[in-house]
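Please read the structure below before turning to the comments.
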Amino acid sequence: MGFLRLITVILFFLSGAAWGKEASALTWRGLHVDVSRHFFEPAVLKQLMNRMEALNFNHLHLHLTDGPGWRLEIRKYPRLTSIGAWRKQLSSTTWNWKEHEIGSHFTHCYGGFYTQEEMRQLIGYGAARGITIVPEIDLPGHAYATLVAYPQLALEPPPACKLGRDVLAVEKSEVRRFAREILDEIMAVFPPGTPIHLGGDEVDPSLLSMEQQRAFMQEMVDYVQSHGHPAITWDEAACNGVRGQWVMLWRAEQLQAVLDLEMPVILCPNSHFYFDYPQHQSEAKPWEHVITCETVRSFKIPDHPHILGIQANLWTEHIRTPEQLFRMAFPRASVMAETFFCEASGAPASQNE
Ligand code: ACM
């Protein structure tokens, strides 16, 4: 190869021109499951990973905490799972967040959680299939289950803090200690280099000012990164000035704003990759956005040097059973893989692989 040609090829790769537009450059090929709204047993996640492996997905993002349930054993804070992983079984099967009552004292309880040992087994199962499990602890909002277990961490005590008001009182030193100690245990369970998702979405600025949110999230991002784990946040935190992390773009209308930040980004826009949305017009309510296989296929990955990859999200407010989970995931996940992942085999997932 002539010298000039060699330089051109090197410049092409250094410029990142191959990122984003070539499917083969997607180092993040993710599927997300919300195990808080409804809990899925380890066997179900293994079944899902079998399908993911066949389709060349390489990251399983688990939304482990949210208002309706905390799903990972934390030994220093046992009430997170003895109380926060359970709730009153509602007589109606329809999702009704307003009526959920957290606790293990009800005669009929719904819930569950992963022990640290079960999570280690899942991590090993995934690694054997080229899949990195990425834990998400959603901070500082979506914390109702946490706050019922430990009301002293709340800005407003339960039950006043329900329905979007469930935020941690981030100014309290015990809240920051709590968050760091949770992260310490998570970093002991997940292999070195595993990305850790810190949430950061949907916190009402009338409860926590944007500066309070920014400072808290920055502290947590720095904490995780200083221990050798890439941190991830939802796009709100990045748009609010938090720096140093990978960004997960979910608000489709923020795509350009997030790309302009020139931070590493994973795209899961709710316009194309929210697989809990109905997949056929016939099953959608009039106000619902439908995401068909064609919608998935039509996504255009921007030609941008900072795009790490794409991900589909399965929020589970209305997904109660493994059968429903698989019905919502497929065939859209297969279409996603066929459209975007065909050339991606062999690309490394995360640093722990
Ligand atoms: C999100 O859908 N709130 C990330």
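Extension gain, Asp204 to Arg51: 0.36 nm times the residue separation minus the Cα-Cα distance gives 51.3 nm.
Relative to the dominant Cα principal axis of the chain, helix 3-14 is inclined by about 10°. When the chain is described by a simple charge dipole with +1 on each Lys and Arg Cβ and -1 on each Asp and Glu Cβ, the residue from Ala329, Tyr274, Trp95 located farthest towards its positive end is Ala329. Trp97 accessible area, nearest 10 Å², 1.4 Å probe? Ignoring ligands and nucleic acids, Trp97 comes out at about 50 Å². Set the Cα radius of gyration of region 217-353 against 2.2 N^0.38 Å, with N its number of residues, and you get 1.14.
Among Met49, Met187, the sequence by solvent-accessible area, most first, with a 1.4 Å probe is Met187, Met49. Based on Cα contacts under 8 Å between residues 6+ apart, region 199-350 shows a relative contact order of 17 percent.
Computed from label points 7 Å out along Cα-Cβ, the spacing between His318 and Ser173 is 4.7 nm.
What is the Cα radius of gyration of the chain over 2.2 N^0.38 Å, N being its residue count?
For the chain, the normalised Cα radius of gyration comes out at 0.98.
Dipole size in debye (nearest 20) for region 95-158 around its Cα centre, Lys and Arg Cβ +1, Asp and Glu Cβ -1? Mind dumping the intermediate values first?
Details: 3 positive and 7 negative charges, 42 e Å.
In total the dipole reaches around 200 debye.
Taking the Cα centre of the chain as origin and assigning +1 to Lys and Arg Cβ atoms and -1 to Asp and Glu Cβ atoms, the resulting dipole is close to 460 debye. Cα-based values for region 39-157, radius of gyration first and Dmax second, are 15.5, 46 Å.
The figure for Asp204 is an accessible area of roughly 60 square angstrom, using a 1.4 Å probe on the protein chains alone. Treating r as the C-beta distance of Glu101 and Asp303 and R0 as 56 Å, the FRET efficiency rounds to 0.70. A Cβ-based charge dipole, computed about the Cα centre of region 250-317 with Lys and Arg at +1 and Asp and Glu at -1, lands at about 100 debye. Ordering Tyr150, Ile133, Leu168 by the projection of their Cα atoms onto the charge dipole of region 128-172, which places +1 on the Cβ of Lys and Arg and -1 on the Cβ of Asp and Glu, puts Ile133 at the extreme positive end. As a test, work out the antiparallel percent of DSSP beta bridges whose residues both lie in the chain, rounded to the nearest 5. Antiparallel: roughly 20 percent of the beta bridges in the chain. Answer rounded, prolate or oblate for region 126-266, using the Cα gyration tensor with square roots of eigenvalues a ≥ b ≥ c: rounded when a/c is under 1.5, else prolate when a/b is larger than b/c, else oblate. The shape class here is oblate. A helix-only calculation puts the chain at -9500 deg cm²/dmol for mean residue ellipticity at 222 nm, using -39500 (n - 2.57) for each DSSP H run of at least four residues, averaged over all residues.
The values are calculated or read from the model by the stated rules, or taken from the named source; none is laboratory data. Computed from a predicted model, the values in this text were never measured in an experiment. Cβ coordinates were reconstructed from backbone atoms using ideal geometry, including for glycine residues, and neighbour counts include every protein chain displayed. For accessibility, only protein heavy atoms count, side chains too; no ligands or nucleic acids. Shrake-Rupley method; radii C 1.70, N 1.55, O 1.52, S 1.80 Å.
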